[in-house]
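Nothing in this text is a laboratory measurement; each read-out follows from the coordinates by a stated rule. What you are looking at is a predicted structure, and each value in this text was computed from that prediction instead of being measured. A quick note on method: Cβ atoms are made from the backbone with ideal geometry, for glycine too, and the neighbour counts reach across all protein chains shown.
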Amino acid sequence: MTTYSLKYADVNYDLAAPEDASWLCPVRFAYDWLRDATSEYPTASPLHYSLELPLSPPDSPEDSVKNTGAVLKTRVITSCDNANGFDIYPSQAGLPWPTRLAKVRQSRHWRAGMRISNELLELFSTDATITQAVRKNGVSLARIASQELLVEEDDRFAKFATYLFPEANEQRMRLLAAVIVYVIIFDDSWEMHSENKLGVVRDDFVRRLEGQVEEATKQKTPLQALIDYTVQGFKDEDKISGDGGQEVIDHLIDFCCHVPPQQTFDNLGDYLSYRRIDAAVPYILACLKFSLGSSVRIEDPKLERFLRLVSDQISLSNDLASYDKEKRAYDCGKACYLINAVEVVQRLLALPSPGPAKSIAYSMQLNVESEIKIELDILVASGELSTEKLQFVDAVMVMTAGNVFYSVISPRYGGQEAKMEV
């Protein structure tokens with residue numbers, strides 16, 4: 001695995017503008033998951049877009065405006081709020097950048113998010129009930145938390161929220177970082193293993209998400225108290241702005257309880273349809289909506305095709321990033337199954353090795369990104385989206401690029417071999 005002899009100091013110096021350098025979350029890893037792919041895929045030229053609305057309706061009929069040569073003034077719509085986030089430049093810093101998406105941002109409140117996530121991990125690692133919740137492979141949920149705590153603080157999975165939801169204010173970032181921890185702890189337990197040994201813990205967690213716990217009859221543990229705090233926090237923020245907090249809670253419940261996948265898929269379309277749920281895309285979109293304090297209806301038919309394409313991009317890029325790790329886990333018996341777009345492509349096309357399958361999957365990802373750009377242009381040209389919806393669309397694009405960025409700079413996929421030289 002190569003990081004092209006990238007140096008830690010050089011990358012972090014070039015990653016952000018000088019005025020934002022003090023806010024930068026350190027980057028120590030650079031993972032190139034296409035290193036063993038064959039080269040027969042398109043060049044990933046940057047994808048740029050502009051979301052514009054007229055400043056006001058024209059005073060004269062359209063034909064009159066055309067005949068007089070008048071220019072209709074527009075304003076650019078963006079989700080960006082530099083009070084909460086700032087631009088970062090992975091390509092400029094020399095990092096591997098396997099996407100056409102060009103707009104990437106980081107939250108200024110990442111330290112606040114890391115603090116609450118660390119507190120939750122500590123409580124999960126020491127809670128007596130959590131210690132007794134053991135997977136089929138003998139690993140307890142407490143052990144999962146302990147293993148995450150072994151990762152250097154700035155590189156833990158909760159850092160994910162820093163790049164996906166950069167416009168969240170400090171309190172909303174804290175809450176979003178907290179629910180990322182819940183995904184770390186509970187995800188594989190419900191997907192990959194029997195619920196028998198974990199049912200008590202999961203049922204208590206879900207009841208707390210649902211607000212169905214009778215506290216008068218049971219004293220809270222410190223962990224339960226912090227879980228309740230985060231659940232109430234989402235509801236409190238909804239009273240201030242938007243209605244995404246309850247949607248985050250609802251989608252987290254759905255994600256925790258969704259059924260394991262079938263073992264094989266007859267085509268990639270069926271696989272991607274499943275991955276829209278398995279990759280937690282509805283949950284992530286709810287988190288994004290909450291981060292903006294938005295009231296946008298995510299199920300709006302006008303956004304349906306755009307969000308489906310974004311979901312496919314996330315699924316393909318995530319699968320490319322995670323394939324090598326998942327394949328190793330499957331081969332050594334640590335995972336019960338291997339469900340990944342690279343595996344599906346390799347099996348359906350009877351390819352001799354993963355390299356060509358990666359190239360095909362990546363070409364598909366780039367094609368999806370091109371389709372996203374076309375759909376963006378259609379949405380803007382239609383004039384049917386409000387300012388709030390266009391801001392959400394812009395935030396979705398930033399989130400999607402942030403997801404790729406996290407995969408590149410996280411040790412979660414590349415491991416220690418992807419660590420840059422100091």
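Using the per-residue mean of other Cβ atoms lying within 10 Å as a proxy for protection, in what order, highest first, do the peptides 14-20, 248-254 fall?
Numbers: 14-20: 14.9, 248-254: 19.9.
With the highest mean Cβ count within 10 Å placed first, the list reads 248-254, 14-20.
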Sort LEU349, LEU376 so the one with the fewest other Cβ atoms within 10 Å of its own Cβ comes first.
-> LEU349, LEU376
Net dipole in debye of region 108-260 [+1 Lys, Arg Cβ; -1 Asp, Glu Cβ; about Cα centre; nearest 20] | 340 debye
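Over region 256-386, how many pairs of lysines fall under 28 Å by alpha carbon, counting only those 8 or more apart in sequence or from different chains?
On the way: LYS289/LYS302; LYS289/LYS373; LYS302/LYS373; LYS325/LYS334; LYS325/LYS358; LYS327/LYS358; LYS334/LYS358; LYS358/LYS373.
So the count of such lysine pairs works out to 8.
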Could you work out, for region 108-260, what percent of all Cα-Cα pairs fall into each 5 Å distance bin, beginning at 0 Å and stopping at the bin that holds the largest distance?
-> 1, 9, 19, 22, 22, 16, 8, 2, 0
Stokes-Einstein at 4 °C, 1.567 mPa s, Kirkwood radius from Cα pairs: D for region 231-310 in µm² s⁻¹?
-> 94 µm²/s
Along each of the three principal axes of the Cα atoms of the chain, give the extent in whole Å, ordering the values from largest to smallest.
-> 77, 58, 46
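Applying a 10 Å radius around every beta-carbon, put 95-105, 407-417, 324-334 in order of their mean neighbour count, most first. Write out the running numbers ahead of the final one.
Values: 95-105: 22.5, 407-417: 19.5, 324-334: 14.0.
Most protected by this proxy first, the peptides run 95-105, 407-417, 324-334.
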GNM result for the chain, Cα springs below 10 Å: residue of LEU307, LEU149, LEU348 fluctuating most strongly | LEU348
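Starting with the highest mean, order 27-34, 366-373, 377-384 by the number of other Cβ atoms within 10 Å, averaged over the residues of each peptide.
27-34, 366-373, 377-384
Could you compute Rg(Cα) / (2.2 N^0.38 Å) for region 290-365, with N its residue count? Walk me through the numbers before you get to the answer.
Values: Rg = 16.2 Å, N = 76, 2.2 N^0.38 = 11.4 Å.
Dividing the Cα Rg of region 290-365 by 2.2 N^0.38 Å gives 1.42.
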